[in-house]
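Undergrad: Below is the structure I would like to discuss, written out as structure tokens.
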Amino acid sequence: MRLEDKVALVTGGGRGIGKGIAECLAREGAAVVVADIDGASAESTAQALRKAGGRAVGVEADVTRADQVDAMVRTATQELGGLDIAVNNAGVVGAKELEDLSESEWDRVMTINVKGVFLCCKAQAPLMAAKGGGTIVNLASVAGKIGFPGLSHYCASKFAVVGFTNSLAKEFARKGVTINAICPGLVGTDMWMGAEGLASVWRNEGESVEQAWERFVETLLPQGVPQTPEDIGEMVVFLATAPHVVGQSINVDGGYATH
Ligand code: NAD
């Protein structure tokens, strides 16, 4: 096991990619704080990790609230004894073309996806530096590398995560903290498959959600297969064990983006 004696924290860990990341970290021996705005789902992921023999704590935390972010980080240090790996995964999407994109929808996506990552890093990076080091992984997206019509605010938020991550990585490069981002391609979580997910919103007439999903996977991804939460979790484990990978935004997208 590659992460024995390490303490990890995953935001948005109640379901989807965050849950997959928490499982991969626990499988490698890390104790995990699972945080989510939906406290019940955070606890349910933590419970599953404990059932499988791991150490895990579920905590309700909204990443847009500094007080809750600080409390979430304190849970790691006080209940699990430290913070070595932080994965800032919580995020939301919305599909709107400019004419229908309201100021409040712009603010919702930017606040959760960008301010949330900022608040988390602010609570995590100095603490890690003071304790001798650590790893932070922020979740960006292929939409942080390529623009998509109908997703301008989401793309703006993920391009921001890429730039923020690279800048912060340079600030902390000599303080023992490695900071990187992961850019997933298409993962069949609620973000795509849920009632308000992208496959539902972008369905053609007569097409089911599953058929729309398959169409996007087939036409957009060179490999023709989607990525899984475990694919993203494996990249987190790699970054947590790669001391000289710094400031990168690594695509796990089956060959979609070129940079
Ligand atoms: P998801 O909607 O399935 O899960 C998101 C999780 O974040 C949920 O558990 C939700 O409760 C939580 N969350 C939402 N707002 C929160 C807040 N304010 N505070 C704390 N938790 C909050 O989405 P997912 O597909 O698992 O996405 C995870 C991350 O990966 C997101 O940052 C997303 O943008 C990114 N991503 C996803 C895909 C994809 O294809 N699914 C592709 C690229 C990037």
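The values are calculated or read from the model by the stated rules, or taken from the named source; none is laboratory data. Quick caveat, the model's predicted, so the values are computed rather than measured. Here the Cβ is made from the backbone with ideal geometry for all residues, glycine too, and neighbour counts use every protein chain on show. The accessibility values were calculated without ligands, DNA or RNA, using every heavy atom of the protein model including side chains. Shrake-Rupley method; radii C 1.70, N 1.55, O 1.52, S 1.80 Å.
Undergrad: Just a yes or no: is a residue in the range 15-27 open to solvent by 10 Å² or more (accessible area, probe 1.4 Å), aliphatic (A, V, I, L, M) and within 9 Å of the ligand (Cβ to nearest atom)?
TA: Yes: the range 15-27 contains one or more residues that are open to solvent by 10 Å² or more (accessible area, probe 1.4 Å), aliphatic (A, V, I, L, M) and within 9 Å of the ligand (Cβ to nearest atom).
Undergrad: Moving to a separate point now. Considering only the range 227-240, I want to know if a residue exists there that is within 12 Å of the ligand (Cβ to nearest atom), among the small types (Gly, Ala, Ser) and surrounded by fewer than 16 Cβ atoms within 10 Å (Cβ to Cβ).
TA: No, because not a single residue in the range 227-240 is within 12 Å of the ligand (Cβ to nearest atom), among the small types (Gly, Ala, Ser) and surrounded by fewer than 16 Cβ atoms within 10 Å (Cβ to Cβ).
Undergrad: Identify all residues within the range 197-212 that are within 10 Å of the ligand (Cβ to nearest atom) and either open to solvent by 20 Å² or more (accessible area, probe 1.4 Å) or not small (Gly, Ala, Ser) (or both); write none if there are none.
TA: Of everything in the range 197-212, just one residue is within 10 Å of the ligand (Cβ to nearest atom) and either open to solvent by 20 Å² or more (accessible area, probe 1.4 Å) or not small (Gly, Ala, Ser) (or both), namely Leu198.
Undergrad: Taking into account only those residues within the range 167-196 that are more than 22 Å from Gly13 (Cβ to Cβ) and assigned to a loop (DSSP other than H, G, I, E, B), which is most open to solvent (accessible area, probe 1.4 Å)?
TA: Arg174
Undergrad: Here is a further query. Hey, could you check the range 126-141 for residues that are free of Cβ contacts under 8 Å to residues at least 60 places away in the same chain and closer than 25 Å to Tyr154 by Cα and say which is surrounded by the most Cβ atoms within 10 Å (Cβ to Cβ)?
TA: Looking only at the range 126-141, we keep the residues that are free of Cβ contacts under 8 Å to residues at least 60 places away in the same chain, and these are 126-134, 136, 138, 141.
Those still in the list that are closer than 25 Å to Tyr154 by Cα too: 136, 138, 141.
Numbers: Ile136: 27, Asn138: 29, Ser141: 31.
Top of the filtered list is Ser141.
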